[in-house]
Amino acid sequence: MTRTAFAGGFLFAVVQFSYYLLLEWHLSSAWTSYAAVAAAWLSGTVIGLASRRTAAPGILAAVNLAAYYCLWGTAVLFPFDDRFLPLYMAAIAMSGASAGFFFRWCFLRMADARGVLFHENNGFVLGWVLNFLGYSLYGYSYLLAAPAAAALLFLAAVKFHSLPRP
Amino acid sequence: MRSIPALVVGTEIVLFFVVFAYFAGLSAGYFVSGRLGTRGLRRLALAQWATHLTLPFSLRWIAGLFLRDNHYAAALIPALFLGSFWLCLFYSALLPLLLERSKEAPAPGNPPFARFYGAEVLGTLAGMAAIWFFPSLPAAALMLLYQCVFVLILHFLFGSRPILCAGLAFCGLYALFFNRLEAAGVLYLYRSRGYDLSRTIYCADTPYQRLEILEDQQGNRHIFLDGHRHYGTKTLSDFNFFIAGLPASLLEAPAAVIVGSGSFGAARQALRAGARHVVSVEIDPAVAAAGTRWLPGPPLPRDRWRLVLDDAKHFFGRRQETVDLIGMDIAGPFQRQLALLYTAEFYRLAKSRLTAGGLISVNLSGTFALQDPVSCRIVRTLLDVFGDIFVVEDEKSSGGFALAGDFTRFSKDDVRRVLDSAGYGGAAVWDRPEVERRYNACAGARPISLKHMDVYLKHRRRKLAAEER
């Protein structure tokens, strides 16, 4: 379960910072881009935490990827167009909500909430560091591939966790 | 955290370590929270409070002690620990321990931790909203608000009215002495870095950078952005000439856009050189306001100049009108946001907004003649995007500048003539064939683009410090 929390943190870091880097180029480097990402993500997380439902990790990963690549496609087609900011915030909020759902899913399965936060944060740190290096070295190509790769790693970690013990 | 990069000259690498220290502090807090009881948490809270009351001044004083001997790395470590890691550790230790103390029974399908964590996230949103919606609040007011909230946390932890009263009393003293301590700390820091300065005029933490304006013994004022000096010496006046005055002189009454404001020196140079209209594009309103209020210079003529508060990419992306001159009055590509303005993609966007024969002027952030790696990469990028390029290097400006465009209507001799008449007769001028020849010695420096953003990873602190003086 710790591995799952770690992989979840890793996925959320990669997606969250990739959102910011995408908007930084395709929309604006103004603080409003950072504010939009942060506010939308946190708001989505609150909604996910407040919901009485949970969702399977596969669905959470799919929602993240769908939201991310919708935003990516729109931003590429309509660069520097502020009219799409509400749409971008909705996409980011969906990803944030998936993080909220994920925390609920973890908290229900892992008695030690401190452990969930600790391992999730460690995964987040690793995802953020890799994002920094990956974007610096590979730039835009990294933003295209990294969220999908992170989602696959996340699903692999969850599947490994759920495999029956011999 | 906003103040930390400015302690040792803010670059992307320094920003990386600041944020890394923050997240590492969160993990450390989650880790130690399992080993702290109520008593341990209270002791941690009191130790944190003692630290909080010294911030942000203590960071500058400690950094200044190390910087006297040029120990930049040593100056950064205590700043990262005190200003980032140590503070975050407390907040992440708090939540799990509060949950343990909660008597709440878990409801089916609704773990109490989800509600506690959701409340914490809401608090984070509220704090961010306070900063975003009240950006003009003075730093003293924001820090006072923060200190008062911390005292409230102490009150909840100890349940003690005397602690609440003592805490609020200390907050009052903090508010009373904040401005004086801040000004003294900033002055001490820059004197430790070798600047001969006499007083602090103004400081602010903006969403983009740390802004400081200080004055020297002769009454000259200096702007520092994230610890880099952007105004205040003859070198920086020369910078404005090469970025704006020189290219404007080579064009006929150009319509110009100057990216970056500072003291608006570049805009003044362009107008003096005959520009018919200048638009200054500045992303940080605080820098524009500080430049207008605190730095000398006659007011800019409203019929020939206007200020637009915007990101340069967004400005050119939304704008359809073309201009004759784009002057990039910005720092070097040592932070990611600035590096984006040196990419081939940005130059192509800028080129699409230039008239035929229009120019972009760019600071090479180093000496191209000496194959400085960053200069070489900027030159390579410009060579790839533009048909014509001139590189000008003058020893007084401690770095090179490039004028690039397509179908330029002037020659190298014209550039030489303008430089001679402006008192820069010793400057070297190279046209495209000469630039390409010199580029061959650059060891294959590749262009800066969205695919290759590593220019800020390879920055050298010493070179930047040398440029400032």
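The values are calculated or read from the model by the stated rules, or taken from the named source; none is laboratory data. Worth saying up front: this structure is predicted, and the values here are computed from it rather than measured. With ideal geometry, Cβ positions are generated from the backbone for all residues, glycine too; neighbour counts draw on all protein chains shown. SASA here: full protein model, heavy atoms, side chains in, ligands and nucleic acids out. Shrake-Rupley method; radii C 1.70, N 1.55, O 1.52, S 1.80 Å.
Summary of computed values
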item: Heavy-atom accessible area ranking, 1.4 Å probe, most first, across B:Glu120, B:Glu321; result: B:Glu321, B:Glu120
item: Cβ-based charge dipole, the stretch A:74-137, positive-most Cα from A:Ala75, A:Phe103, A:Trp128; result: A:Phe103
item: In Å², nearest 10: area of B:Asp420 left accessible to a 1.4 Å probe; result: 80
item: Dipole axis of the stretch B:206-324 (+1 Lys, Arg; -1 Asp, Glu on Cβ), positive-most option in B:Asn220, B:Gly274, B:Ser261; result: B:Gly274
item: Of every Cα-Cα pair in chain B, the percent that sits beyond 31 Å; result: 49
item: For the stretch A:2-160, fraction of C-alpha pairs farther apart than 27 Å, in %; result: 18
item: Interface size B-A, as summed buried accessible area [1.4 Å probe, Å², nearest 100]; result: 4400
item: Test item: Cα-centred dipole of the stretch B:310-469, Lys/Arg +1 and Asp/Glu -1 on Cβ, debye; result: 600
item: Charge dipole of the stretch A:2-160 about the Cα centre (unit charges at C-beta), most positive-ward option of A:Phe10, A:Ala91, A:Leu155; result: A:Leu155
item: Cβ charges +1 (Lys, Arg) and -1 (Asp, Glu), total dipole of chain B, debye; result: 1040
item: Volume in Å³ per residue [convex hull over Cα atoms, computed for the stretch B:411-451]; result: 107
item: Largest-first ordering by accessible area, 1.4 Å probe, given options B:Trp49, B:Trp294; result: B:Trp294, B:Trp49
item: Of B:Lys351/B:Lys412; A:Lys159/B:Lys451; B:Lys351/B:Lys458; B:Lys351/B:Lys451, those spanning more than 31 Å from alpha-carbon to alpha-carbon; result: A:Lys159/B:Lys451
item: Euclidean distance between Cα centres, the stretch B:65-81 to the stretch B:173-248, Å; result: 20
item: Shielding by partners, peptide A:69-81 (average Cβ within 10 angstrom, other chains); result: 1
item: Rounded, prolate or oblate (a/c below 1.5 giving rounded, otherwise prolate when a/b exceeds b/c) for the stretch B:1-102 by Cα gyration tensor; result: prolate
item: Within the protein assembly as shown: Cβ-based charge dipole about Cα centre, in debye rounded to nearest 20 (Lys, Arg +1; Asp, Glu -1); result: 1640
item: Area of A:Met110 that stays accessible when all protein chains are in place (1.4 Å probe, Å², to 10); result: 30
item: In degrees, nearest ten, helix B:285-294 long axis to first principal axis of chain B (Cα); result: 70
item: Any cysteine of chain B lacking a neighbouring Cys Cβ under 4.7 Å - listed by number; result: B:Cys88, B:Cys148, B:Cys165, B:Cys171, B:Cys203
item: Per residue solvent-accessible surface (Å²) - the stretch A:22-127, probe of 1.4 Å; result: 37
item: The stretch B:165-318, accessible surface, carbon-and-sulfur percent (1.4 angstrom probe); result: 55
item: Distant alpha-carbon pairs in the protein assembly as shown (separation over 30 angstrom), percent; result: 58
item: Overall Cα dimensions of the stretch A:1-47 - principal axes, largest extent first, Å; result: 39, 22, 11
item: Carbon plus sulfur fraction of accessible area for the stretch A:1-153, probe 1.4 Å, in percent; result: 73
item: Computed log₁₀ I(q)/I(0) - Debye formula, equal Cα scatterers, no solvent, the stretch B:43-193, q 0.13 Å⁻¹; result: -0.75
item: Principal axis box of the stretch B:226-283, alpha-carbon based, largest edge first, Å; result: 37, 24, 12
item: Order of exposure, largest accessible area first, which applies to B:Met453, A:Met94 with probe 1.4 Å; result: A:Met94, B:Met453
item: Cβ neighbours within 10 Å from other chains - mean over A:98-110; result: 3
item: Area of B:Val149 that stays accessible when all protein chains are in place (1.4 Å probe, Å², to 10); result: 70
item: Accessible area (Å², per residue) of the stretch B:329-395, counting only protein heavy atoms and a probe of 1.4 Å; result: 25
item: Shielding by partners - mean other protein chain Cβ count within 10 Å, residues of B:282-288; result: 1
